[in-house]
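Here the structure is laid out as structure tokens; the discussion comes afterwards.
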């Protein structure tokens, strides 16, 4: 079930968001929410620059909402890429 309204107050439309868990970070674009097996997942695509040599750019990805400890919102994929260059 895809639903952008699952979590009230969160609007990631047109944004790239870098989600942090205890052990990793995952950036996602074209974000929506899905309920899978009773858990809410953030789903979308890997943005350019998120992986070495862009091997995963454009690939579908997901992360369980209950595993996320923090997140950082970027207004565009370009803004996300610029931030990566500075890191």
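Keeping to segment 43-60, report how many residues are modelled with pLDDT of 90 or more and surrounded by 14 or more Cβ atoms within 10 Å (Cβ to Cβ).
The total comes to 8.
Yes/no matrix, rows are residues, columns are (1) without any contact (Cβ under 8 Å) to a residue 60 or more places away in the chain; (2) surrounded by fewer than 17 Cβ atoms within 10 Å (Cβ to Cβ); (3) in contact with a helix residue (DSSP H, G or I) (Cβ under 6 Å, 6 or more places away or on another chain); (4) outside any loop (DSSP other than H, G, I, E, B):
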| position | (1), (2), (3), (4) |
| --- | --- |
| 11 | yes, yes, no, no |
| 18 | no, no, no, yes |
| 22 | yes, yes, no, no |
| 35 | yes, yes, no, yes |
| 41 | yes, no, no, yes |
| 62 | yes, yes, no, yes |
| 72 | yes, yes, no, yes |
| 85 | yes, yes, no, yes |
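The values are calculated or read from the model by the stated rules, or taken from the named source; none is laboratory data. The shown structure was predicted, so the numbers you read here are calculated from the model rather than taken from an experiment. A quick note on method: Cβ atoms are made from the backbone with ideal geometry, for glycine too, and the neighbour counts reach across all protein chains shown.
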